[in-house]
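Each remark here refers to the structure printed beneath this line.
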Amino acid sequence: MKRQQIASIASAIGHALIGMSYSRTYRWNFFPQGGSADCSSYTQACFIGAGCPLVDKNGKELWTSTYQINAAGFDLLYPASVKVAGREHAPESLYKSLQPGDIVLYDFGTDDRANTIDHAAFVDADGNIINERSSKTGIKVDPISFGKNNIVAVLRMREDAEIMEPTEVSAENTTKLMTRRLQILLNVSPIAPQLLCDAVWGTRTNAALNAYKASQGLTQDGICTRETWERLIAGLNAQEIEETNTPETSETQASGNRLLLMQSPLMRGADVATLQAKLAAAGYDVGEIDGVFGRKTEAAVIALQTNAMAITTADGIADNAVLNLLGI
């Protein structure tokens, strides 16, 4: 259960950071618009935010794909030993056994490194490969078969892996990892302060924390309480992988269907993809059918509500009336 929870939160953070550019120089600007990272720092950020940082046996943070193979609390599914990592590529069929939360390390021949590992990615909650690909593409969500002939190592979190408990922290009482985790989660929250995730609790981090607490009706005291942590995580709408593989939301309808609407982070899932397909079939432009409820999907719902349902105050929310009309 712990592994699925970490995987779902890391996935939600990874998707929330889409829009971040690729940079091997500015690797700690973990925020969507204007931020930057490279493949290994992006992967690390997602797992730190989820509460399971990639660290070695001594607790040192691992920021390079070459060394992330040594992450404590993870089993090495391939190869048999770290010592032989990179000597040969995994069997082509290995990708079929990948699960959400697995960290996948590749050799694309772009670096002359000892173990040849030159790219890091992980499997998101939908079973796709999500990665900070290159300066041309930025973060990409690729099919699970991405780079299937270039995989040189796969890591899977163990159930007994040590995770970061949501303990109360402040500028006077914190650790570098807890501060960095807070900065990452604040950056993907609705207030989006665009903090440099440098693990330094300065005035900007303190102000961002208080702004977030104010938005939640909490006391602005510069303390990240357990409740604050829980709200930051809950705001990600992380997918429940083990049960339904569909994102949950607190707003459900009598039929059991969740309300589909535009929110931050963006709603994702098979139900969104079904909605998009039905809207497209009815002649409404949703753009790409990608399972993400974005601006075009909202506009298509509004158009449906206005044209087919004669709703004068269309809100773009796909409730039971909309779903029933579309035959969902």
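Just a few scattered comments:
- Relative contact order (percent, whole number), the chain, Cα cutoff 8 Å, 6+ residue spacing: 16
- Distant-in-sequence amide H partners of Arg133 (H built 1.01 Å from N, under 5 Å): Gly138, Ile139, Lys140
- Note on the range 2-157: the alpha carbon radius of gyration divided by the globular reference 2.2 N^0.38 Å gives 0.93.
- In straight-distance terms, cross-link reach from Lys278 covers every one of the lysines whose alpha-carbon lies under 21 Å from its own, apart from those fewer than eight places away in the same chain; here that gives Lys296.
- Among Ile48, Ile233, Ile184, the residue with the largest mean-square fluctuation in a Gaussian network model of the chain, with springs joining Cα atoms closer than 10 Å, is Ile233.
- Residue exposure sequence - Glu61, Glu132 - by fewest surrounding Cβ within 10 Å: Glu61, Glu132
- Remark: the range 169-234 projects, on average over all directions, an area of 3.7 nm² (convex hull of Cα atoms).
- Sorting Phe31, Phe47 by the number of Cβ atoms found within 10 Å of their own Cβ, with the fewest placed first, yields Phe31, Phe47.
- Label of the coordinate-derived value, Cα extents along the principal axes in Å, listed as (1) 66, 52, 36; (2) 64, 48, 41; (3) 82, 41, 32: (1)
- Each Lys and Arg adds +1 at its Cβ and each Asp and Glu adds -1 at its Cβ; summed about the Cα centre, the chain shows a dipole of about 580 debye.
- Checking every one of the GluC sites (Glu not before Pro) in the range 157-205 against DSSP loop status and a limit of 12 other Cβ atoms within 10 Å picks out Glu159, Glu172.
Rule-based calculations on the coordinates, nothing more; no lab input. In this text, all values refer to a predicted model and were calculated from it rather than measured experimentally. In this analysis, Cβ positions are derived from the backbone assuming ideal geometry, glycine residues included, and neighbour counts consider all displayed protein chains.
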